[in-house]
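Readers should treat all values here as calculations from the given coordinates under stated rules, not as data from a laboratory. As the structure is a computational prediction, the values presented were derived from the model and not from experiment. Here Cβ is always computed from backbone atoms with ideal geometry, including for glycine, and neighbour counts include all displayed protein chains.
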Amino acid sequence: MKKAKIALVCIALGTGAFFLSNNQVEKTARPAKIKIDPISKGCVFMTVFGEESSEFHAHYKTPEKVLTSVSEGLTWLAKAQADNGGFGAGQHSRQHIRDPHAVKQDPATTATVGMALMRSGSDFQSGLYSKELGKVLDYLLKTVEASSDNGSKITDITGTQIQRKLGANIDAVMVTQFFTNSLDYLDHDKQLKKRVEEALDKCVAKVQNLQQADGRTGGAGWAGVLQSGLANSALEAAQYKGAEVDEEILQKSRDYQNDNFDAETGNADVSAGAGVVLYSVSSSVRASAKEARKVKEEMKRAKAAGDLPPEAEPTVANLEKIGYDKDQALKANTSYNVYNKAKTVAQDARTISGFGSNGGEEFLSFLQTGESMVVNQDNDWEKWYDNVSGRLLTIQNQDGSWNGHHCITSPVFCTAVSLLILSIENDIDKLVDLGQG
């Protein structure tokens, strides 16, 4: 009986202060019985209650509150979808409009919602929001297929909150990530999967062509460092799924993020982050996570083989001893140091305060920090999750949504990112695999 109850909690997780929205979407009851297959491996609650052991997992002390929060957020989001399958954040010039049906749909927001639906337990064949997710995919495929093969844009829409604050080219970045995530759920339809792969290749090419000489992504907005950080994550994920990604471009992107943070002093270059430490440091910790994990694992193997003494630290000299050339050792050591220092700074209370109030940029920064810890198999993510999820639960609107107080105020976008954070446990396996790819 105990095991059955715990499994039910895991299934439920797969499904399911700020101003109140001026135009709230009516909340409707959802079916009580939810069937999601398969149950994610390594359910955090099974680990906590002793049914399953794991070297890398986290737990949340009040899962019932998280489940309720996620369920209400998903219900609100589903009601916000337009007839064409898209979702919109609205124009930067009209931030006061909170009604999701009174704004134009845009690819970046739609992709973010789609990723939230997938992470919360739905796919294209099953789950409470399978139908909504299918419409998201159709909207984004049509958008990308209709875009020019040349240039960086996938849409003619301009002036959205997301574009003005993150960057003019954020649509291609977010859609790249959505298509990559979708590939895991399309084996049932080979023709559809081929369409997605072709659209993904088109987006990857656009994102790569956006890179500037210093490694940042062109067309930066108010907090352009976040666009660059998200582009780095999107290219890493696409490469892992087999897309053709230029390794030189990816490395230059990582170098740019590493250069934004001084691991010795703990100071961040905030010139591309609107003067906000949180935006810059979260991007640095996310971009360095994969390489930092590689260093950690190779140091561990070298010590086990007797090639390094047990007390050896990751230094340029020690990395050279275990096979890195000079340049590789310098870059790897920088990533390792940036990650370990930046993750600490990113969780500092003063850093978490961000701009001073919560906007979509803060939510994205929290997400990047948490995902970086999972990619690196860093058990400090448990502390991050307890902190950030607790914050989110206290600022959720009564209608189930979240919205921002500054810059990206869109309830659709903020709700989607909040759900990506709260449901991150469902993607632990994927993020861990990405970190070793």
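Things worth noting here:
- For the stretch 89-247, the fraction of C-alpha pairs more than 29 angstrom apart is 14%.
- Cα-based equivalent ellipsoid, the stretch 295-404: semi-axes from gyration tensor eigenvalues, Å: 38, 14, 10
- What the phi angles of the stretch 99-107 give under the Karplus curve with 6.51, -1.76 and 1.60, with θ = phi - 60°, is a coupling list of 6, x, 9, 9, 10, 7, 6, 9, x Hz, glycine and proline written as x.
- For the pair D307 and D259, the difference between a 0.36 nm per residue extended length and the Cα-Cα distance amounts to 14.2 nm.
- Averaging Cα coordinates gives a centre for the stretch 414-432 and one for the stretch 144-198; these two points are 20 Å apart.
- A cut-off of 5 Å between modelled amide H atoms, ignoring neighbours fewer than 5 places along the same chain, links T160 with H92.
- Listed values for the stretch 242-253 are Karplus-derived 3J(HN,Hα) couplings in whole Hz (6.51 cos²θ - 1.76 cosθ + 1.60, θ = phi - 60°), namely x, 5, 7, 10, 6, 4, 5, 5, 5, 5, 5, 5, and x replaces Gly and Pro.
- For D149, D123, order by how many other beta-carbon atoms lie within 10 Å, fewest first: D149, D123
- Residues with amide H under 5 Å from that of I408, placed H, sequence gap 5 or more: G360, E361
- Estimated inter-spin distance, E64 and S126, nm [label 7 Å along Cα→Cβ]: 2.8 nm
- Projected label points at Q436 and E297, each 7 Å from Cα along the beta carbon direction, are separated by 0.5 nanometres.
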